[in-house]
Amino acid sequence: MTLSIAIAILCIQATADPVPTYATAVAPIVAQACTECHRGGGIAPFSLESAADLTNRAAMVARVVGDGTMPPWFATADAVAAHRFRNDRSLSDADKSTLLAWLQSESRPIGDLSKAPPPRGAAPEWRVGKPDVVLELPHGVEIKPDGTMPYVNLRVPTGFTQDKWIRAWEVLPTARAQVHHVLVFAVPEGAKGPMAEAHGFFAAYVPGGGFRQYDATRAKKLPKGSDLLFQLHYTPNGKATIDRTRIGLVFADAPPEHEVHTAGIFDSQLDIAPNDASHREGIAMTAPADLRILSWMPHMHTRGKSFRAYREVDGVRETLLDIAHYDFNWQLSYDYATPIEVKRATTIGIEAVFDNSAANPVNPDPSKRVRWGQQTTDEMLIGYIEYELPNGGPTIGSGGMRARIRDRASQFAALDENANGAIERGEGGEVVRRAFDAADADHDDKITRAEFDAFMAQRNRAN
Ligand code: HEC
């Protein structure tokens, strides 16, 4: 009896897979995976909050869900299985099938809408909730309609008279279409700017990102009297406009159990030959203390093809993050559900493949030899990590890097942050600050390439 019922049920399922209904099967999936962005005022170009929204674009939605371009999520499942990400928004195979079965059915049954998750409604201005403080650029920045723009560096005093613990932050450009990235550095009272890419940012906006919310046990420290240095990179897109980026900060009520730090593991020596379809680069560092890695955020430009982060234990590499298809437009942060414990002296590394061939549809110029540089037409390879120090000890600075020194040109390029051909005061961080006057032979407040070469040659002789 029981057996025959079971067989009967199996037969029904095999012969007539019921079409899922919108209200109870489809809407919950869309609510979980899509409407964070696809809603009124969201970052996506249209809403998917209703059944009609979906049916109006059924073919397009089926295509992007089928080929995996939506929802945006690029970590491969293998690495996810080993180390799950708490912000993983990818669709399971079962959810994909449900969505596609409904879209491709003729009847597209709606079901009882009172059982569907309520629409989220219009997106709030700040995704992190109402900030305690909003700081904005001292003035609007004029964005040219075309050409390239050097980095814009603007300093905003916080005026904080006490150290602040930041539980959440969000960087909000007003001219989002023209912003390549915004990095915000905390500059301690009295100090010049830090070396931009190397030392980790306080907050950042990149396409597809721009905000962080830590759990109740964690926060970032903003020392009293700090200035926020905004490094803004605009990519003109045909339309002149003005940007006035803001940052919103949410304070923690009390000092957290763990202080969150950010560091960039970077390979400034990269050198990519013209027309090379799979150029490999990699760099590793040694953990200066026991670390607990909370997240990774890979950064490359448009020739970036794939990215992998790993740790090496007893000579064996274990993948921590695997991005098989890197997409410059979606520089996401991958946040571990359980932070990764890394013992002091462990090797942590990143490796990446760049596609500098004509087959890469977003390659600006396959005939160019590509080095480290600030413009989208140059390249970078950085793995930013957020981490904490469970047992104290030094934070990751550039001293922890096992950099490969290849040539002067890329060393110089890494220090010339605004890529204008000279290292100015404030660029290049602490290392440059200490040596600036010695290297600036003609005392015009600029270290030219010739002055840099002469200084380095002399220093090498001295050592
Ligand atoms: C993190 C934000 C985000 C999420 C989550 C997201 N989208 Fe999108 N979606 C976008 C943005 C931004 C665009 C426009 C830019 C682009 O095409 O990359 C877009 C574009 C699209 C397009 C148009 C593609 C084209 O070729 O023009 C479709 C269809 C789409 N999304 C469907 C979905 C579906 C279905 C989901 C959920 C399963 C989803 N999206 C989840 C942000 C998101």
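Structure values in brief
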| item | result |
| --- | --- |
| Residues that are near the ligand (Cβ under 10 Å from one of its atoms) and either open to solvent by 50 Å² or more (accessible area, probe 1.4 Å) or closer than 18 Å to residue 23 by Cα (or both), drawn from the range 68-86 | 69, 70 |
| Meets criteria (in a loop (DSSP other than H, G, I, E, B), crowded, with 16+ Cβ neighbours inside 10 Å and touching a residue at least 40 places away in the same chain (Cβ under 8 Å)) for residue 332 | yes |
| Residue match in the range 34-42 (condition: open to solvent by 30 Å² or more (accessible area, probe 1.4 Å), over 30 Å from residue 322 (Cβ atoms), in a loop (DSSP other than H, G, I, E, B) and at pLDDT 95 or above) | no |
| Selection count where residues are touching a Phe, Trp or Tyr at 6+ places or on another chain (Cβ under 8 Å), modelled with pLDDT under 95 and of a type in the set (Lys, Arg), scope the range 289-316 | 0 |
| Residue in the range 237-265 that is modelled with the lowest pLDDT, counting only those that are farther than 29 Å from residue 87 by Cα, of a type outside the set (D, E, K, R) and surrounded by fewer than 17 Cβ atoms within 10 Å (Cβ to Cβ) | 237 |
| Count of residues meeting criterion [within 19 Å of residue 185 (Cα to Cα) and out of contact with any Gly (no Cβ under 6 Å at 6 or more places or on another chain)] in the range 219-257 | 23 |
| Some residue of the range 321-329 being buried (at least 20 other Cβ atoms within 10 Å of the Cβ), β-branched (Val, Ile, Thr) and within 28 Å of residue 223 (Cα to Cα) | no |
| Options 154, 229, 137, 222: the member that is under 26 Å from residue 300 (Cβ atoms), touching a residue at least 60 places away in the same chain (Cβ under 8 Å) and touching a Lys or Arg at 6+ places or on another chain (Cβ under 6 Å) | 229 |
| Residues of the range 291-312 that turn out to be open to solvent by 10 Å² or more (accessible area, probe 1.4 Å), in contact with a Ser or Thr (Cβ under 9 Å, 6 or more places away or on another chain) and more than 19 Å from residue 78 (Cα to Cα), as a count | 1 |
| Of all residues in the range 174-191 being in contact with a Lys or Arg (Cβ under 8 Å, 6 or more places away or on another chain) and not charged (D, E, K, R), the one that is nearest to residue 221 (Cα to Cα) | 187 |
| Sole residue being free of Cβ contacts under 8 Å to residues at least 60 places away in the same chain, part of a loop (DSSP other than H, G, I, E, B) and not polar (S, T, N, Q), chosen from 276, 253 | 253 |
| Selected residue [within 18 Å of residue 209 (Cβ to Cβ) and either assigned to a loop (DSSP other than H, G, I, E, B) or within 15 Å of the ligand (Cβ to nearest atom) (or both)] from 117, 109, 124, 145 | 124 |
| Flag for residue 396 being modelled with pLDDT of 85 or more and either touching a Pro at 6+ places or on another chain (Cβ under 9 Å) or open to solvent by less than 20 Å² (accessible area, probe 1.4 Å) (or both) | no |
| So residue 362, is it open to solvent by 30 Å² or more (accessible area, probe 1.4 Å) and among the β-branched types (Val, Ile, Thr) | yes |
| Enumeration of residues in the range 365-379 that are outside any loop (DSSP other than H, G, I, E, B) and open to solvent by less than 30 Å² (accessible area, probe 1.4 Å) | 370, 372, 379 |
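The values are calculated or read from the model by the stated rules, or taken from the named source; none is laboratory data. Only a predicted model underlies this, so the values are computations on that prediction, with no experimental measurement involved. Note that each Cβ is placed from the backbone with ideal geometry, even for glycine, and that neighbours are counted across all protein chains shown. When the accessible area is computed, the model is the full protein with side chains, heavy atoms only, and any ligands, DNA or RNA have been set aside. Shrake-Rupley method; radii C 1.70, N 1.55, O 1.52, S 1.80 Å.
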